[in-house]
Amino acid sequence: MKRILLFVLTNVAVMAVLLITTRLFGVDRYLTANGLNMTALAGFSLIIGFGGATISLLMSKMMAKMSMGVRIINQPQTADEAWIVQTVQKFAEKAGIGMPEVGIYDGAPNAFATGAFKNSALVAVSTGLLQGMTREEVEAVIGHEVAHVANGDMVTMTLIQGVMNTFVVFLSRVIGYAVDSFLRRGDSNSSGPGIGYMVTTIVLDIVLGFAAAIVVAWFSRQREFRADAGAAQLMGRKQPMINALARLGGMTPGELPKTMQAMGIAGGLGKLFSTHPPMEERIAALQKL
């Protein structure tokens, strides 16, 4: 409930900041005089900005199961499956969350957690992870994913992405309209947005979108440090998580779909756009605990 309230308050705050800023600089008076409805644009930006992120969050479990071929463990068939379920259950109880669905999928070493609600999430591990790591290391990875769920990271990432999307949509169209109005000044026969608006909006959607992606990726990297620390806390010691990260650092991690990369244990290329910090930085942060 607290996260839903935060979600609503953040939406209101984003719109308030955008509208107040344009008013302080007199932008709203100029654009309104030239036919732009700022309130309608704010509402449009909010719907576009948060709509896609929210829908993606609500569909995240279903899409993860389909795209990764996750096999849900309803009734464990092997000793390994029973151990995985018991480990997730143990950590979920310790973290104070509802028991997540537990699944296995075929692929290179990786694991992820997803779901719109912390009490009905999904935690899945790959066959490559189970085959390439010791049980203690796998346990640490599972703790990392349960920590993501307990921290509410899926909702938080949606919130951050929605805020960034809203700024991109709003600012690109305000600037696009201003540029178009400037280029067409004195043309009394013009009506509606022209080529200046369309070109400027497309370019700024791309440029501001890259800037927003950098902000989201930075936040995701900070969240990984917290999940690593959460795994150490759930296990009662940090060495298993350090060992797991060191082991993963020598492996080629399995690729996850773009919408799920931030919830994996490893992945992401390019420092600015990476959803995960380098393994050595994560290990160093754990060693300082």
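The values are calculated or read from the model by the stated rules, or taken from the named source; none is laboratory data. Source: prediction; values computed, not measured. Here the Cβ is made from the backbone with ideal geometry for all residues, glycine too, and neighbour counts use every protein chain on show. Surface areas here come from the heavy atoms of the whole protein model, side chains and all, with no ligands, DNA or RNA. Shrake-Rupley method; radii C 1.70, N 1.55, O 1.52, S 1.80 Å.
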Can you pull out the residues in the stretch 59-100 that are assigned to a helix (DSSP H, G or I), open to solvent by 60 Å² or more (accessible area, probe 1.4 Å) and in contact with a helix residue (DSSP H, G or I) (Cβ under 9 Å, 6 or more places away or on another chain)?
Met63, Ser67, Asp80, Lys90, Lys94
Helices (runs of 4 or more DSSP H) wholly in the stretch 125-207 with at least 2 residues that are touching a Phe, Trp or Tyr at 6+ places or on another chain (Cβ under 6 Å) and at pLDDT 85 or above - which ones?
135-150, 153-183
Residues (more than 19 Å from Met68 (Cα to Cα) and surrounded by fewer than 20 Cβ atoms within 10 Å (Cβ to Cβ)) located in the stretch 118-131:
Asn119
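Residue by residue, here is whether (1) open to solvent by 60 Å² or more (accessible area, probe 1.4 Å); (2) under 30 Å from Lys61 (Cα atoms) holds:
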{"residue": "Ala150", "(1), (2)": "no, yes"}
{"residue": "Asp153", "(1), (2)": "no, yes"}
{"residue": "Met157", "(1), (2)": "no, yes"}
{"residue": "Met164", "(1), (2)": "no, yes"}
{"residue": "Val168", "(1), (2)": "no, yes"}
{"residue": "Ile195", "(1), (2)": "yes, no"}
{"residue": "Ile214", "(1), (2)": "no, yes"}
{"residue": "Trp218", "(1), (2)": "yes, yes"}
{"residue": "Arg221", "(1), (2)": "no, yes"}
Total residues in the stretch 45-58, condition surrounded by 15 or more Cβ atoms within 10 Å (Cβ to Cβ) and out of contact with any Ser or Thr (no Cβ under 9 Å at 6 or more places or on another chain)
0
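Condition check ((1) modelled with pLDDT of 90 or more; (2) surrounded by 15 or more Cβ atoms within 10 Å (Cβ to Cβ); (3) part of a loop (DSSP other than H, G, I, E, B); (4) within 19 Å of the chain's Cα centre (by Cα)) across all residues:
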residue	(1), (2), (3), (4)
Ala227	yes, yes, no, yes
Ala262	no, yes, no, yes
Phe273	no, no, yes, yes
Glu280	yes, no, no, no
Here the qualifying pairs (Cβ atoms under 9 Å; residues six or more apart or on different chains; first in the stretch 59-87 and under 11 Å from Tyr105 (Cβ atoms) and of a type in the set (A, V, I, L, M, F, W, C); second modelled with pLDDT under 95 and open to solvent by 80 Å² or more (accessible area, probe 1.4 Å)) come out as Ala64/Thr259; Met68/Asp106
I need every pair where a residue in the stretch 112-128 that is without any contact (Cβ under 8 Å) to a residue 40 or more places away in the chain and of a type outside the set (S, T, N, Q) has its Cβ under 8 Å from the Cβ of a residue that is open to solvent by less than 10 Å² (accessible area, probe 1.4 Å) and part of a strand (DSSP E or B), sequence separation at least 6 or different chains.
Val123/Val102; Val123/Gly103; Val123/Ala111; Val123/Phe112; Val123/Ala113
For Leu46, only one of the following conditions fails: (1) touching a Pro at 6+ places or on another chain (Cβ under 9 Å); (2) closer than 21 Å to Gln161 by Cβ. What is its number?
(1)
Taking the stretch 270-289 and keeping residues touching a residue at least 12 places away in the same chain (Cβ under 8 Å), farther than 13 Å from Asp228 by Cβ and not aromatic (Phe, Trp, Tyr) leaves Leu272, Ser274, Thr275
Scanning for something buried (at least 23 other Cβ atoms within 10 Å of the Cβ), in contact with a Pro (Cβ under 8 Å, 6 or more places away or on another chain), among the hydroxyl-bearing types (Ser, Thr, Tyr) and at pLDDT 90 or above, does the stretch 107-117 turn up at least one residue?
no
